[in-house]
Amino acid sequence: MTTRVLGFASLLLLAANSYAIFFVARPDRVQGDAARIVYFHVAMALVALFIAFVVVFIASIAFLRTGDLKWDRLGHASGEVGLVFTTLVLITGAVWGYPIWGTWWSWDPKLTTTLILWFMYLGYLMVRSYAEPPRGPRYAAIVGIVAFVDVPIVYLSSYWWRTLHPQPVIGPLADQQPSSSIVWLLLLSVVAFTVFYAFLVRLRYDIERSEAAVADLGVADLGKVAHAST
Amino acid sequence: MPVLDHNAPFLLWAFGITAVVLGGYGLYLWSRLKAVKARLGDYSARNVSAAAPIATAAQPASRAKGPSAL
């Protein structure tokens, strides 16, 4: 029920967001239509950094403290969705960068730290998938905590080092506040992608839980067969 | 339709890639959840039927020797 509600809500919000990006937002005087990319590029980056990877961090700590597998499943689900969002952030950033910077990629601090972040969460998912339980979830939780160190570095890199990447446009560290229409559209994007993130995490979490139940029942079935044959 | 400028192809590329990847990922998760729930339903049904009393063709003890010769 919750999954369907989240699915419909995210569909509606993403449709409204797409309409706003193409029909409400005005092109930038310098960047032209490429500036519209920012509305989904920034929204996905904020959701990945400040929701998805924060959830992985909290779930990893909770799993190490309690050993409850629900935290491991939540961390895994959030890490996977966060990695998909980060992949799209890197791709849409490159597509924005080509007409604006004249290059698809630059070893700029923001881009480099984001790429490192991408590899760290890829490592998290690989450890979680390939290491045998019960060690796999425990090792993955440790990687999930260590990888989180890079999250504030990514956000603050444009303040700490000289960078091509624009400064954050919203938030407490933003140098100049943009016009209210830009802020509202950006907020709509962030809300739409947050609800969609919740929908995807819910699906991924339910898959994990159902697969565990199938595995348990399968083992129980095998046990019955073994018992009957003796 | 809005009038798009010379950077519009980049916008359309970025938007298209995002829509295809997120839409595809969402559909993949949805279909995978459906499949695993169907499998879970199969297993549960099998376990319920295994736990239920089994109807057999065995004769009651009073007729264990078969019908009496009349």
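Just so it is clear, none of the values below were taken in a lab; they were calculated from the coordinates. Note that the structure is a prediction, hence the values are computed from the model and not measured. Methodologically, a virtual Cβ is constructed for each residue, glycine included, from the backbone with ideal geometry; neighbour enumeration extends over all protein chains shown.
Observations on the structure shown:
- Over chain A, dividing the summed -39,500 (n - 2.57) contributions of all DSSP H runs of at least 4 residues by the number of residues returns a 222 nm mean residue ellipticity of -26000 deg cm²/dmol.
- Per-residue average of Cβ from other chains inside 10 Å of A:194-204: 2
- For chain A, the Cβ-based charge dipole about the Cα centre amounts to some 180 debye (Lys, Arg positive; Asp, Glu negative; other atoms uncharged).
- Kirkwood Rh in Å, taken over all unlike Cα pairs in segment A:1-92: 15.2 Å
- For segment A:39-195: relative contact order, % (alpha-carbon pairs under 8 angstrom, 6 or more apart): 28 percent
- The slack between A:S181 and A:F23, meaning 0.36 nm per residue of separation minus the straight C-alpha distance, is 55.6 nm.
- Here chain A was treated as a single set of alpha-carbon atoms; its pair distances binned every 5 Å from 0 give 1, 6, 12, 16, 16, 15, 12, 8, 5, 3, 2, 1, 1, 1, 0, 0 percent.
- Between A:R162 and A:F8, the FRET efficiency from the beta-carbon distance, with R0 = 41 Å, is close to 0.35.
- Reduced Cα scattering model of segment B:1-47, Debye log10 I(q)/I(0), q = 0.16, 0.20, 0.23, 0.27 Å⁻¹: -0.61, -0.73, -0.81, -0.91
- Comparing A:G67, A:Y130, A:T3 along the charge dipole axis of chain A, the residue lying farthest to the positive side is A:T3, per the Cβ-charge model.
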